[in-house]
Structure formats: C-alpha cells, structure tokens
Amino acid sequence: MCTVVYMTATADNIPRSPTNPVSITLTVDLAPWTQDQRQRLLDAIASIEAERAGATLTAAVEAEEATGWTLDAYREVMAGLLGKYFAQAKVINEAIKNGTGYVSREEVYSLAGYAESRSLKGFTRPVNRVMDEKVEEGKVPDEAAPLLEPDYDPNIKGYQRARGFRVPLEVVKLLWDQNGGQPGRDRD
C-alpha cells in the first residue's frame, strides 16, 4: 500500500522553508518490508533530501544579493554572542542547521527556554550590537546583512509580534559548504 497526499500551502499552513511552497506527504505501509529494505528506503530518502536541499539552497542563495559574509566574519560574531547571548546564538545555529535560515517564534521559545508570556521585542538587539562592534573592528564587512532579523507578516500594518527570525541564506550556505554539502553548524 502506498498513498500520496498532496497538500498545498495556505496562509495557515506555510512551510518553514521560504524556497519550498508545496509540501507532499507520502505514506507507505512498511510492515511487510524487511529491516534491510526499510534501511535502504531511509538511505535513499536521506540522499535525495541532501541533493534537494543543496539545489534549493544554491538557487535561493544565487537569487539573493551577496553582502560579504565570510566564515571568519560569522565566527567573529558568534564568538561575541556565545559568552553572553546564548539564546540568540542557539537560534542562529538552528536556522543554519535546519538549512532554511528560518526559525519560527515557537521554536525560539523552545530553544531559549523562555516562557510563552515573555516578549521577543528586542531579541535581535544583542546580535546587532555585536555585529556593529565587529564592523567597527574591521572583522565583519560593513555591507554584511544582519545576522538575525525578525520576520513579520507584510500584510499587517502597525504593531505585530514576529512570526519568526531569519539568518541570511548566504550565511547558511557558507556553513552548508563547510560541512561537505550538508546544512549544519560550524565544524570548527
């Protein structure tokens, strides 16, 4: 038995990846399969996902304008964050690790261990402060895009809570390339 369910993204069901507008769910009854067959299926899926993630990420990065991020510049900012602003560093790492450059509001609360009643207003301020220091020191290019930006619904005017936070895909790709074609954290 094999069932394919197509699910189109709607306003309430937007996929996490800004480069993946449609989600497909495939349900397969693996009960009659041997353990070896199941493992081969999982290996094939992992291989296809890695291939797809690379192509999708590369296309998305090519569509964006490069702002001068380098691996050394990224490391400088992260070193400045890790001593004092661990929640922001965890969110940036997760956005890179998941390969999308995006972390939802709910994930921020979970990663940071914050109570849901806590406001995220000013959450990017420490990242911007550290980035400004590193730009002044000449360790981050002046034109580098902010390392962490809030994501707001463009259809809502006035005050609103951030839906999530973005890391430039340029930075995601830097780390992706450094990890041998797999999205992930900095290995060094």
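The values are calculated or read from the model by the stated rules, or taken from the named source; none is laboratory data. What you see is a predicted model, and the numbers here were worked out from it, not measured in a lab. Positions of Cβ are generated from backbone atoms using ideal geometry, with glycine treated the same way; all protein chains shown enter the neighbour counts.
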Legend entry - The one condition in (1) more than 21 Å from Y159 (Cα to Cα); (2) of a type outside the set (D, E, K, R); (3) touching a residue at least 60 places away in the same chain (Cβ under 8 Å) that S104 fails to fulfil: (1)
Inset, instruction - For region 139-164, name all the residues that are surrounded by 14 or more Cβ atoms within 10 Å (Cβ to Cβ), within 23 Å of the chain's Cα centre (by Cα), of a type outside the set (V, I, T) and part of a loop (DSSP other than H, G, I, E, B). - result: P141, A144, A145, P146, L147, L148, A162, R163
Legend entry - Subset of region 92-114 that is more than 15 Å from L175 (Cα to Cα) and in contact with a Phe, Trp or Tyr (Cβ under 7 Å, 6 or more places away or on another chain) - its residue that is modelled with the highest pLDDT: V108
